[in-house]
Amino acid sequence: MTQSIVVQVGQCGNQVGCRFWDLALREHAHVNKKGIYDEALSSFFRNVDTRRSDGEGCDIAGGKIRSLKARAVLVDMEEGVVNEILQGPLRDVFDSTQLITDVSGSGNNWATGHRVYGSAYSERIVERVRRAAERCDCLQCFFLIHSMGGGTGSGLGSRVLNLLEDEFPEVCRIVTAVYPSAEDDVITSPYNSVLAMRELTEHADCVLPVENQSLVDIVNKIRHMAHSGKPGCVIRKDSTLISGQGGVTGAAKPFDAMNNIVANLLLNLTSSARFEGSLNMDLNEITMNLVPFPRLHYLVSSLTPLYTLADVNIPTRRLDQMFTDAFSKEHQLIRADPKHSLYLACALMVRGNVQVSDLRRNIERLKPSLHFVSWNQEGWKTGLCSVPPVGHSHSLLALANNTCVKPTFMELRERFMKLYRKKAHLHHYLHVEGMEQGCFTEALSSLSSLIEEYSQLDATKTLLLPDASRLSIAT
Amino acid sequence: MSVVTVQLGQCGNQIGQELFDVISNDSNDARTCSPRAQGKAYHACSQERFFNEEASGDPSARAVLIDMEPKVITRTIATAAKSGRWKYGEQSFFCQKQGSGNNWANGFRVHGPRHQEAMGDLVRREVERCDRLAGILTMMSVAGGTGSGVGTYVTQCLRDDYPHTFILNQLTWPYCTGEVIVQNYNSVLTLSHLYQYSDAILVHENDAVHRICAQLMNIKHISFSDVNKVIAHQLGSVLQPAHTGHTHSQYSRNPMGELMSSLVCHPEYKLLSLCTIPQMASSSLPYSAFFWPGLLKHLRQMLICSARMEEGIDWQVRAPSVGQGAAETRGIRELGFNTSLANLLILRGKDVSSADTGGFLDPALYCPWLPAEGAISTWRSPLPFNKYEKSATLVSNSQSLLKPLDHMVGKAWNMFASRAYIHQYTKFGISEEDFLDCFTCLEQVISSYRYL
């Protein structure tokens, strides 16, 4: 069994990370009734005996759970968020050796995060990560969580990505990046996002982009359903994608509902690697199957169902509805419509009481309405995990490598150009040591060439390309 | 004579466990049925072939379980132990922490060589516990990374370590609509390499078995466990003891050798397909009665039109009659007629000696350059198999796998033309030239079968 390390950077990264650890504990508590520290738990947690005199505690393999510590590194250049976590109910899950904080923050400036703090803290970051890695039997993956619009998350986060690639080149890097919506309140967020995107395109193995606006829409949809008051529409409170009920932390904070969705995304992504099933799907299989060309590694994700109905007398929503929903644009975690764009590859990770025949039937049913690239007409990767998430009997995570990310990137480029044409706010960046205008033009050209690659694939969408002619053998 | 089974990857391990289950149940049933002496001989032969007698406790399977991550092996060993009738040897497994990531190159170039010694030792230990080794059976899928990549490497090592032993590779081909996106690449790489080292390649297709489950066995929600049980039933009917042509009163001492010599007469033609008749839900078994003429007639037609199950057979396809001109014969071949190189019929059950296999002696079924009498062999066993009063299995070296193979190579070639995913393979040392070599090898195989 492999282990993964979560590196959460910046305010957004840490808040999402906090929700992730809460929900992970909830999920394992639900499954692991006997309190034994098993392989599934060890993928994200260490079992530590804290009674020893040295502050750190030593790792115990197997046996009863003593004290769980998360395999995480928390990085933030201001103290508020991390302090809040350390004073909250999750404080025992982290120890002081996993944190890196500073006082003044990055001022929403990518350059400050990437260059100034990046250089100042790079050694410490590497040391912390290395320590966490040494405690892993077999490290498979780094999960990096940060936002793109701010300064620390996007700047220092992308620097961390660089460091991880240099120090641990064989370990896969999966980045959950929260992209700013158009109505973002940080004016320089387009600059930060485009500068960070270049790093993501070059150094990440795969990126799961998430947009705040989509999360808000999903939250509203669930709340609307919960409060609609229609008889027979009462939802089980702990089953919604946004609920943290049953977790360790008490009252929900403002962004919690949205962050719970992202936390659930990560849990479902790793479910087949942690729990058993009839068709396992490990994390390295995700990067293998969904990334046909090295730079095109942006995966659009969707989670269904959003909730379970509480009234058990009502027949459970048909399984097929869950599959249909996964492809609808309301369920995607970025504002995109994959159904009307071109699929390069698609992965379906099913959890719970679903059999291979249900999976096949739904693939057959949905396939005609989807456009797949000509050389990958049957481009499906499927995984079946037998353990369902808390509150559901089954669930589906769909990951698509689809050209529908192109409009998102084009919009980002538009917003960037609006500021860049006027050189607005540029001086804040250029004042930082090591930054020059060249960085901006390079980042812009990286984004443009990425968009161009997606466009070229899009152009093949409606063409009926003939099959490549086969090798001929003399008979 | 004993058979050592090597189970590789998730698929290989899951099917392997079902296979041993079927074999164990069947031989235990045989012990209690009449005539007593025959049943006991069957049981003894099957036990010797597949299990080690343990001093205490249940017999342990002559098997080695290999996977690059631990979840499946743990589950497989636990399920076997729960059956209470047999188990896997405590030390007979090898696993690592991290899987092969569906990457053939990772399995073949990295995991295989790295763990060659450990895996080789496990197989050697099992082989040494056999009095006489009949052959090695490897079970794997071609779509994933471990089964296909590590499995190919292991087969290569087995061929080097045991040059005079028969190696039979049982392969499971994935659903055409995709279980793994790079499944066609992995399949092409596996088949082209295996063709050099293996003695015979026995293929099961998930699509075909799924249809059997859906239409014949009436299973509503088909799970992989159901699919695996059908495959195990078909394999069991081939591997369990039978009277082959040479030994009429004793069970064959050399099942794998006889299988190979009946079916694989030319190194260019190694692909074998299986079909079994009847296949039905176990609940319907007590209410059904079958007769040999009917079973054999259906089986013959299934062979001719490449059907894998006895429903929806196309009775329009007919063998060309002897004396027809070459052009007409070719015309009939175009219509989906399946030419065979060689066939092996295995009949099990009541009144088996009265079963008339004359229909299979028709020279029109076979390619012209082999005499028909040499192309068909029959094995018989008077005892029922796996609760079926009568059952007939046909192992066939014919054109029936031509279409799926062609389809698979075509898809892989299309993907290769756009160089998609190639960077994932070159990362581990499989270059584009290696791919081209594999494609060439398989095109050659396709061409050989097409012009049978």
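What FRET efficiency comes out for B:Cys265 versus B:Ala417 if R0 is 41 angstrom and r is the Cβ-Cβ distance? Round to the nearest 0.05. Before the final figure, lay out each step's value.
Details: r = 36 Å, r/R0 = 0.87.
Efficiency for this residue pair is about 0.70.
From other protein chains only, count the Cβ atoms within 10 Å of every residue's Cβ in B:203-210, then give the mean. Walk me through the intermediate numbers first.
Working: counts 0, 0, 0, 2, 1, 0, 0, 3.
Going residue by residue through B:203-210 and averaging, the value is 1.
I'd like the mean, over residues of A:94-106, of how many other protein chain beta carbons sit within 10 Å of each residue's own Cβ.
On the way: counts 0, 0, 0, 0, 0, 0, 0, 0, 0, 0, 0, 0, 0.
Partner Cβ neighbours, averaged per residue: 0.
Using unit Cβ charges (K, R positive; D, E negative) and no other charged atoms, how large, in debye to the nearest 20, is the dipole of the stretch B:30-185 about its Cα centre? If you can, show how the numbers build up before the last one.
Details: 18 positive and 15 negative charges, 84 e Å.
Computed about the Cα centre, the dipole is about 400 debye.
Along Cα→Cβ, 7 Å out, is where each label goes; now give me the distance between the ones at B:Ala214 and A:Ser445 in nm to one decimal.
Placing both labels 7 Å along Cα→Cβ, they lie 5.3 nm apart.
Using just the helices of chain B, give the 222 nm mean residue ellipticity in deg cm²/dmol: DSSP H runs with n ≥ 4 each add -39,500 (n - 2.57), and the total is spread over all residues, rounded to 500.
Details: 15 runs with 189 residues, N = 452.
One gets -13000 deg cm²/dmol as the mean residue ellipticity at 222 nm.
Cross-link list B:Lys97/B:Lys229; B:Lys350/B:Lys387; A:Lys34/A:Lys64; A:Lys339/A:Lys367; B:Lys297/B:Lys390; A:Lys367/A:Lys461: which exceed 19 angstrom alpha carbon to alpha carbon? Write down the numbers at each step before the final one.
Values: B:Lys97/B:Lys229 28 Å; B:Lys350/B:Lys387 12 Å; A:Lys34/A:Lys64 8 Å; A:Lys339/A:Lys367 10 Å; B:Lys297/B:Lys390 14 Å; A:Lys367/A:Lys461 15 Å.
Listed pairs above 19 Å: B:Lys97/B:Lys229.
Given a Förster distance of 56 angstrom, what is the FRET efficiency for B:Leu370 paired with A:Arg318, based on the Cβ-Cβ distance and rounded to 0.05? Walk me through the numbers before you get to the answer.
Details: r = 54 Å, r/R0 = 0.97.
Working from the Cβ atoms, E equals 0.55.
Taking the alpha-carbon centroid of each part, what is the distance from the stretch A:73-115 to the stretch B:127-150 in angstrom?
52
Would you mind calculating the relative contact order of the stretch B:186-254 from Cα pairs under 8 angstrom and at least 6 residues apart, reporting the percent as a whole number? Numbers along the way, then the final one.
Details: 25 pairs, mean separation 12.1, N = 69.
Reported as a whole number, the value is 18 percent.
Using a simple spin-label model with points 7 Å from Cα along the Cα→Cβ vector, what separation in nm is obtained for A:Ser328 and B:Arg31?
5.8
Note down the Stokes-Einstein diffusion coefficient of the stretch B:76-209 in µm²/s, whole number, using a Kirkwood radius over alpha carbon pairs, 37 °C, and 0.692 mPa s. Intermediate values should be presented prior to the final figure.
Numbers: Rh = 15.7 Å.
Rounded, D is 209 µm²/s.
Based on the inverse mean of 1/r over its pairs of different Cα atoms, what is the Kirkwood hydrodynamic radius of the stretch A:103-158, in Å?
Working: mean 1/r = 0.0824 Å⁻¹.
Kirkwood radius, the stretch A:103-158: 12.1 Å.
When you count, for each residue, the other Cβ atoms within 10 Å and take the mean per peptide, how do A:353-365, B:352-364 rank with the highest first?
On the way: A:353-365: 18.8, B:352-364: 15.0.
Packing order, densest peptide first, comes out as A:353-365, B:352-364.
What does the helix-only formula give at 222 nm for chain A: each DSSP H stretch with n ≥ 4 adding -39500 (n - 2.57), the total divided by the residues, and the result rounded to the nearest 500 deg cm²/dmol?
Values: 14 runs with 184 residues, N = 475.
Dividing the helical sum by the residues of chain A leaves -12500 deg cm²/dmol.
Straight-line reach only, C-alpha to C-alpha below 17 angstrom: list the aspartates and glutamates that A:Lys221 could link to, leaving out same-chain residues fewer than 8 apart.
Output for A:Lys221: A:Glu211, A:Asp238, A:Asp256, A:Asp325, A:Glu330.
Charges on Cβ only, +1 for Lys and Arg, -1 for Asp and Glu, centred on the Cα centroid of chain B; of B:Trp86, B:Ser192, B:Ser306, which one is farthest towards the dipole's positive end?
Of B:Trp86, B:Ser192, B:Ser306, it is B:Trp86.
With a Förster radius of 51 Å, plug the Cβ-Cβ distance of A:Arg130 and B:Ser354 into 1/(1 + (r/R0)^6) and report the FRET value to the nearest 0.05. If you can, show how the numbers build up before the last one.
Details: r = 75 Å, r/R0 = 1.47.
Approximately 0.10, to the nearest 0.05.
Going by Cα centres, the stretch A:397-438 and the stretch A:449-475 are how many Å apart?
30
Can you tell me the order of B:71-79, B:97-105 when each peptide is scored by its average per-residue count of other Cβ atoms within 10 angstrom, highest first? Don't skip to the answer; put the middle values down first.
On the way: B:71-79: 19.4, B:97-105: 27.0.
In descending order of packing, they fall as B:97-105, B:71-79.
Find the relative contact order for chain A and round it to a whole percent, using C-alpha pairs within less than 8 Å whose residues are 6+ positions apart. The partial results should precede the final answer.
Details: 902 pairs, mean separation 75.1, N = 475.
RCO, chain A: 16 percent.
Give me Rg/Rg_expected for the protein assembly as shown, where Rg uses Cα atoms only and Rg_expected = 2.2 N^0.38 Å with N residues. Please report the intermediate quantities before stating the final value.
Working: Rg = 29.9 Å, N = 927, 2.2 N^0.38 = 29.5 Å.
Scaled against compact globular proteins, the figure is 1.01.
Please give every one of the aspartates and glutamates within straight-line cross-link reach of B:Lys71, meaning a C-alpha to C-alpha distance under 18 Å, and leave out same-chain neighbours fewer than 8 residues apart.
In chain and number order, the partners are A:Asp38, A:Glu39, A:Asp137, A:Glu276, A:Asp282, A:Glu285, B:Glu18, B:Glu90.
Rounded if a/c is under 1.5, else prolate if a/b beats b/c, else oblate: with a ≥ b ≥ c from the C-alpha gyration tensor eigenvalues square-rooted, which is chain A?
It comes out rounded by the Cα gyration axes.
Tell me which of A:Tyr121, B:Cys45, B:Thr357 sits at the most positive position along the dipole axis of the protein assembly as shown, charges placed on C-beta atoms (Lys, Arg +1; Asp, Glu -1).
Farthest towards the positive pole: B:Thr357.
Assuming a ≥ b ≥ c are the square roots of the Cα gyration tensor eigenvalues, decide whether chain B counts as rounded (a/c under 1.5), prolate (otherwise, with a/b larger than b/c) or oblate.
Numbers: a/c = 1.60, a/b = 1.06, b/c = 1.51.
Since a/c reaches 1.5 but b/c is at least a/b, the shape of chain B is classed as oblate.
From Cα pairs below 8 angstrom and at least 6 apart in sequence, can you work out the relative contact order of chain B, rounded to a whole percent?
About 16 percent, as a whole number.
Just so you know, all these numbers are worked out from the coordinates, no wet-lab data involved. Fair warning: this is a prediction, and the values are worked out from it, not measured in the lab. Positions of Cβ are backbone-derived with ideal geometry, glycine not excepted, and every protein chain shown enters the neighbour counts.
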